[in-house]
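To keep things clear, I will list the structure first and then write my remarks on it.
The values are calculated or read from the model by the stated rules, or taken from the named source; none is laboratory data. Just so you know, these numbers come straight off a predicted model, no measurement behind them. Note: ideal-geometry Cβ built from the backbone for every residue, glycine included; neighbour counts use all protein chains shown. To get the accessible areas, we keep the full protein, side chains included, count just its heavy atoms, and leave off ligands, DNA and RNA. Shrake-Rupley method; radii C 1.70, N 1.55, O 1.52, S 1.80 Å.
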Amino acid sequence: MRLPVWLAVLLPLVTAACATTSVAYHPQKDCEAGSSSACVDWGDQLAGRGEELQAEAAYGQACQGGIVTSCITQGQLLIQHGELDAAEHPLRKAYLEEFPEGHEALADLYQARGTPPDLEIARGLRFEAPAIDKPATEFVSQLRMDSQGNLGTAIAFNVQPMLFLSRRLHLGFHAAFGTGATELNGFVGYQHFESTWAVPYARVMLGGLPGAPPGMGLNYGGELGLKLCLGPIGHLEFAVGSSRASPLHASVGLGINGLFLLLLAAAR
């Protein structure tokens, strides 16, 4: 089973931190002895001295040992030296592990090749890159305040798979409580990946007001917000919105990868 991106990054860092506590630690010798984390340190030292060819070899050993960030660095060095075919293997390794940086680096490779088909692939990779490590589903809990200062809560289930314009389109279910009539809404929206972590969005909502008098149960509205993303973990969000039941409100929310909650529920 593929490791989550954040775990794939964390494990080598933890390993490296443990290795460097020893007084006998020697990056070059430990790299030659088979330590992938030592190869990263050795590559960094070589690159700092301007010995890029030797650094590329050290990063290559780290890449072979499973440190995906070193695959990206190795590929970038090979591109700089014009070795485009050699750069493809390590960069594809990072691409397959769904690193945003891996998508960007592979896009640089196709950009360097320069043919019309390669340039089209590069554009597609750059479009996918900021969204690639985000969760396909999210559960969101919000604290809301209306224009009168009344507090309420809301929950949402957000669906945003890569097949929806690389997560640009999203849809789901939204329920709000406490600042007026209870709202049960469906929504559809668009989000713009300004970067891998800053994602402004807009959505429209349509639903109902349970318990409303006959003919008064229709609800509709919209929301504008900003997600501060935490990779595959989830996001923190800030939003303002308006609906028939709540003419003006602001909210702050926390979104968690739906897979994490399902695994937690299954463990109980």
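Only one entry of Gln142, Gln74, Gln111 meets the criterion of being buried (at least 16 other Cβ atoms within 10 Å of the Cβ) and free of Cβ contacts under 8 Å to residues at least 12 places away in the same chain, and that entry is Gln111. For Gly124, indicate whether it is within 26 Å of the chain's Cα centre (by Cα) and either assigned to a helix (DSSP H, G or I) or not aliphatic (A, V, I, L, M) (or both). Judged against the criteria, Gly124 is a match. Going through the stretch 77-108 one residue at a time, which ones are open to solvent by less than 50 Å² (accessible area, probe 1.4 Å) and assigned to a loop (DSSP other than H, G, I, E, B)? Phe99 - this is the single residue of the stretch 77-108 that is open to solvent by less than 50 Å² (accessible area, probe 1.4 Å) and assigned to a loop (DSSP other than H, G, I, E, B).
Residues that are in a strand (DSSP E or B), within 24 Å of the chain's Cα centre (by Cα), among the aliphatic types (A, V, I, L, M) and buried (at least 16 other Cβ atoms within 10 Å of the Cβ) do occur in the stretch 187-203, at least one of them. Residue count for the stretch 210-239, restricted to those that are open to solvent by 80 Å² or more (accessible area, probe 1.4 Å) and either charged (D, E, K, R) or under 29 Å from Pro135 (Cβ atoms) (or both): 4. Taking the stretch 150-179 as the range and being assigned to a loop (DSSP other than H, G, I, E, B) and closer than 20 Å to Thr196 by Cβ as the test, the residues that pass are Gln160, Pro161, Met162, Leu163, Phe164, Leu165, Ser166, Arg167, Arg168. Put simply, of Ala245, Ala267 the only residue that is open to solvent by 50 Å² or more (accessible area, probe 1.4 Å) and modelled with pLDDT under 95 is Ala267.
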